[in-house]
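Visitor: Quick one: the structure is below, and I'll ask about it shortly.
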Amino acid sequence: MIRVAVDAMGGDNAPDEIVAGALDAASEAIQPILCGPPGLDSGGLELIEAPQVIAMDEKPAEAVRGKPDSSLVACCRAVADSKADVALSAGNTGAMLAASLVHIRRLSGVRRPAIAVVLPSQAGPSVLLDAGANAEGRPEHLLQFGQMGAIFAREVIDIPRPQVRLLSIGEEPEKGSKLTLEAYELLASAEGLDFRGNVESRDLLKGAGDVIVTDGFTGNVCLKLLEGTIKTLLDALRDEITSTARGKLGGFLIRPAARSLRARLDPDTYGGAYLLGLRGLVVIAHGNSNRRAISNAIRLAARGAEHDVVRRLQESLEERVVASARFQAP
């Protein structure tokens, strides 16, 4: 039984859609545990009482310090206290990062945690990181993102030998900012990493790489652009189909293919993103998540616990430290 602590008050649609999603995800293998105010209708799920709420617009560090009994902090504390295997919130992302660093803490050797989000593509799912945990980054951070992303891709989305690419303004090694040029050299020389060079953002939905590495600022802008573009195109297609009788007839004929396309491209299919590099599992869901997105995010969270992603990350990082020390020894 995998226990997922869920911030019942996090997100635009809390608590109703959060509770409904948790109830939908509950099974013999997954036990959602809600963190919320006393008296919350949990539908029979276990409730960890947390009377305070951190709003989406609050300053993360101040909110975590000033509201230790908030639902968001409570779900992170549940993981730290071994009352849950995973923490999940659709609330304030910065506060979730701050609470995770305070209560769960980083894995030994991890320089910066990173948000790893699954992207839909024509070739199958791929992983983009960092998608917003760090506004700025150093070359060694991007190297570690590539290493963590490769483990995530292998263990969570079943890619046996993930190919890693660096997001840049051109495929040529000499193109990019100072950060990407230096990160390219580190990634290219890293042992045990199947690095395939640069990739441009226009090729992300084609499946140009299994793991896409970038800094958090660029990754977050890229992610929101992709999500907005996908939603706009799908909505525009629906409007065109329903605007005329001929369009409705055509829409009826292509309905199965259209549904399949929407399911594959819809961000709610995965529902959330992992915050990698911590001593426990943390999943961050979209702020506007509905019950379907929350349910899928809980299942995604449980999959990470099932595959023991934290232990595998720690072991991999330790192996790389040992290998690096041997390489540098005289």
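Visitor: Measure off, as a whole percent, the carbon and sulfur share of the 1.4 Å-probe accessible area of the chain, all protein chains present. Mind dumping the intermediate values first?
Guide: Numbers: 8120 of 15810 Å².
Answer for the chain is 51 percent, counting heavy atoms of protein chains only.
Visitor: Now for a different question. If I build a Gaussian network model for the chain, linking alpha-carbon pairs within less than 10 angstrom, which residue out of R112, R292, R161 has the largest mean-square fluctuation?
Guide: R161
Visitor: May I have the count of lysine pairs in the chain with C-alpha atoms under 27 Å apart, counting pairs 8 or more residues apart or located on different chains?
Guide: Eligible lysine pairs with Cα atoms under 27 Å apart amount to 10.
Visitor: Would you grab the residues whose amide H sits under 5 Å from the one on V282? Only those 5+ places off in sequence or on another chain, please, with H modelled 1.01 Å from N.
Guide: Sorted by chain and number, the residues that satisfy this are A87, L275.
Visitor: Tell me, what ³J(HN,Hα) does each residue in the stretch 105-120 have, in order and in whole Hz, if you take phi through Karplus 6.51 cos²θ - 1.76 cosθ + 1.60 with θ = phi - 60° and put x for Gly and Pro?
Guide: 6, 7, 5, 4, x, 7, 6, 9, x, 9, 8, 10, 10, 8, 9, x
Visitor: Solvent-accessible area per residue for the chain at a 1.4 Å probe radius, Å²?
Guide: Details: 15810 Å² over 330 residues.
Result: 48 Å² of accessible area for each residue.
Visitor: Under the Karplus relation 6.51 cos²θ - 1.76 cosθ + 1.60, θ = phi - 60°, what is the ordered set of whole-Hz ³J(HN,Hα) values for the stretch 238-244, x standing for Gly and Pro?
Guide: With coefficients 6.51, -1.76 and 1.60, one gets 5, 5, 5, 5, 8, 7, 9 Hz.
Visitor: If you don't mind, another one. With a cut-off of at most 14 other beta carbons within 10 Å, and DSSP calling the residue loop, which GluC sites (Glu not before Pro) in the stretch 1-98 qualify? Please list them. Intermediate values should be presented prior to the final figure.
Guide: On the way: sites: E17, E28, E46, E49, E58, E62; in loops: E28, E58.
Answer in residue order: E28.
Visitor: Could you check which residue among S108, S295, S89 shows the biggest mean-square fluctuation in a GNM of the chain with a 10 Å Cα cutoff?
Guide: Highest fluctuation of the listed residues: S108.
Visitor: Would you pull out the residues with amide H under 5 Å of A84's amide H, same chain only if 5 or more places away, H placed 1.01 Å from N?
Guide: Long-range HN contacts for A84: V79.
Visitor: Using modelled amide H (1.01 Å from N, peptide plane; none on Pro or chain starts), what sits under 5 Å from the amide H of S70, excluding residues fewer than 5 places away?
Guide: Amide H to amide H, under 5 Å and 5 or more residues apart or across chains, S70 pairs with Q52.
The values are calculated or read from the model by the stated rules, or taken from the named source; none is laboratory data. Since the model is a prediction, treat every value here as computed from it, not as a measurement. Counting neighbours? That spans all protein chains shown, and the Cβs are built from the backbone with ideal geometry, glycine included. For accessibility, only protein heavy atoms count, side chains too; no ligands or nucleic acids. Shrake-Rupley method; radii C 1.70, N 1.55, O 1.52, S 1.80 Å.
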